[in-house]
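Derivation of every value follows stated rules applied to the coordinates shown; laboratory data play no part. Computed from a predicted model, the values in this text were never measured in an experiment. So basically every Cβ, Gly included, is an ideal-geometry build from the backbone, and we count neighbours across all protein chains shown.
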Amino acid sequence: MPTAGLEDHLAEIRREGEAALAAAVDLRALEEARVRFLGRKGRIKELLKGLGSLTPEERPKAGAEINRLHDEFEANLEKRRAELEQLELARRLCEERVDITLPGRDSDVGSLHPTSLIIDEIASLFSRMGYDIHDDREIENDYYNFEALNFPADHPARDMQDTFFLESGLLLRSHTSNGQIHYMENHKPPLAVIVPGRVYRRDSDPTHLPMFHQVEGLMVGKGISMANLKWTLDTMMKTLFGPTAAVRLRPSFFPFTEPSAEVDMWFEPTPGKGRWLEMGGAGMVHPNVLLACRIDPEEWTGFAFGMGVERMAMVKYGVPDIRMLYENDIRFLRQFRGLSRIP
Ligand code: DAH
C-alpha cells in the first residue's frame, strides 16, 4: 500500500462509507454496512492489515489516519443507528397504536357441569362425615356387576337392568354397586365409602340416557341399621336440597339388599308446594354380598344406597329433560357459572 496513494484511498473509502450509511434505510442494512467496513474482513480492517507493508517511518502516520477514518466511520454509524432507531420507533408507534377506547377482552371463565356440581357436593359432604371416596371400573365382568351382588345366574332380576355386553364377554357396568364388592375385597370393616361414577344401560328417552351417573354409598360396621341409613339419606338430601327436604323409604326389592327400599324425597321448591320424588334405591347389605367379600354377616351389618346423579341435578336445577344435560348447548351450560366451589 503506497503512502502516496493512501490519502486518496482513504478519501475514497470515507466517501463510500458515508454513502453506505446514508443508503442504509433500516437497521439490517446498517448492520450490513458495518460488517462491510468494520468487520474482520471489512474495508477499514483490511487497511490496518496493509500497514505491515509500509516502512517504519511511514507507519505511524498512516496508522493514525486509518484509525481516524475508523473512529469517524464508527461515530457516523452510531449516529445513523440512533436515527434509524428513532424512525423505527416512530413507525411502530404509528402502526401499533393501541386504541385504549376499545372494550377489553374478557377471559372466558368456564363452569362445572351440573353433574359434576352434584357429585362434588355429595363427595364433600360424605368426606366430612369420614367416608372414603372410591372410583371404580366402568368395564366390568359378570361377577362384580351381578354375581357377587347376589344376582342368581339367569335370574330375571338381571333384566331390571338392560346391560350393554361387550364382545369380549365383559360388560359396561349397569350400576355403581360393583364398587361395593371391589371395595369390600380390599378393605376390612368398619368401613364407609361412596362410589360416584358413570353407568350404562340400553335406554334413551326424556328421563333415561344410555350413560348416566350414580353415587353408591356403603357403610359396614357393628350394629349398623336402617335407622343409620335413613339418617344418612336424610342428611344428604337436606344438604343438597335444603332443610325442607325429607326422605321416605318404600319397601322394594334388590338382590343385594335385604330389606330393600325405594328412596323417595320430599321436595318443596316453594313453601307449601311440595311433592315426593323417587331418587334411588337402598337397603341393608344382603348377607350373601358380605360373604362374597369374606365378611362375616353374623358380626357385621351394613347399609347401601344408590342414587341417580342426573335425577338430582334435574330436580335441583329444574331441568325438564335429562338429554339437555349432555347436548352441550353452551347457553344451557353457562347458567351454571358461579355455582362451582372450584374457582
Ligand atoms: N344398583 C341399583 C340400581 O342401579 C341401585 C341401588 C339400590 C343401589 C339399592 C344400592 C342399593 O346400593 O342398596 O338400580
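Counting only DSSP beta bridges whose two residues both lie in the range 114-336, roughly 95 percent are antiparallel. Normalised Debye scattering of the chain at q = 0.10, 0.13 Å⁻¹ gives log10 I(q)/I(0) of -0.68, -1.01, counting only Cα atoms as equal scatterers and leaving out solvent. Distance between the C-alpha centres of the range 168-229 and the range 80-156: 26 Å, rounded to the whole angstrom. Rounded, prolate or oblate: which fits the range 170-240 when a ≥ b ≥ c are the square roots of the eigenvalues of the alpha-carbon gyration tensor, with rounded for a/c under 1.5 and prolate only if a/b beats b/c? Oblate is the answer for the range 170-240, as a/c is 1.5 or above yet b/c matches or exceeds a/b.
Computed extension length for Glu78-Arg294: 69.0 nm, one decimal, from 0.36 nm per residue of separation with the Cα-Cα distance subtracted. Based on the reciprocal of the average 1/r between different C-alpha atoms, the Kirkwood radius for the range 66-153 equals 21.9 Å.
Taking the Cα centre of the range 145-227 as reference, the dipole from Cβ charges on Lys and Arg (+1) and Asp and Glu (-1) amounts to some 360 debye. So which lysines pass the test for Lys316, namely a Cα distance under 20 Å, with those fewer than 8 places away in the same chain ruled out? Leaving aside lysines fewer than 8 places away in the same chain, those within reach of Lys316 are Lys238, Lys273.
Each label point was placed 7 Å from the Cα along the Cα-to-Cβ direction; for Arg331 and Asp132 their separation is 4.7 nm.
Here the peptides 102-115, 186-199 are ranked by packing, the mean other Cβ count within 10 Å, and the order with the highest first is 186-199, 102-115.
May I ask which residue of Thr257, Gly338, Ser124 lies farthest towards the positive end of the charge dipole of the chain, with charges of +1 (Lys, Arg) and -1 (Asp, Glu) on Cβ and the Cα centre as origin? Positive-most Cα among the choices belongs to Gly338.
Please state, rounded to one decimal and in Å, the Kirkwood hydrodynamic radius that the range 3-95 gives when every pair of distinct Cα atoms enters the mean of 1/r.
Working: mean 1/r = 0.0701 Å⁻¹.
Over the range 3-95, the inverse of the mean reciprocal pair distance is 14.3 Å.
Label sites at Lys61 and Arg248, each approximated as a point 7 angstrom past Cα along Cα to Cβ, lie 12.2 nm apart. Here is how the number arises for the chain: DSSP H runs of 4 or more residues each give -39500 (n - 2.57), the sum is divided by the residue count, and the result at 222 nm is -13000 deg cm²/dmol.
Charging the Cβ of each Asp and Glu at -1 and of each Lys and Arg at +1, and nothing else, the dipole of the range 1-59 about its Cα centre rounds to 320 debye. Here the chain is assigned +1 on the Cβ of each Lys and Arg and -1 on the Cβ of each Asp and Glu. Its dipole about the Cα centre then comes out at about 740 debye.
Report the gain in length on full extension from Leu38 to Arg323: 0.36 nm times residue separation, minus Cα-Cα distance, nm rounded to one decimal. Don't skip to the end; give the middle numbers.
Working: separation 285, 0.36 × 285 = 102.60 nm, distance 7.51 nm.
Gain on extension, Leu38 to Arg323, equals 95.1 nm.
Excluding same-chain neighbours fewer than eight residues apart, the lysines reachable from Lys188 by a Cα-Cα span under 29 Å are Lys222, Lys230. Toward the positive end of the charge dipole of the chain, with +1 on the Cβ of Lys and Arg and -1 on the Cβ of Asp and Glu, the farthest Cα among Gly223, Gly274, Leu325 is that of Gly274.
Give, to the nearest whole percent, the P(r) tail of the range 250-318 beyond 20 angstrom, counting all Cα pairs. When every Cα pair of the range 250-318 is considered, 43 percent fall beyond 20 Å.
Applying 0.36 nm per residue to the separation of Glu96 and Glu31 and subtracting their alpha-carbon distance, the gain on full extension is 20.9 nm.
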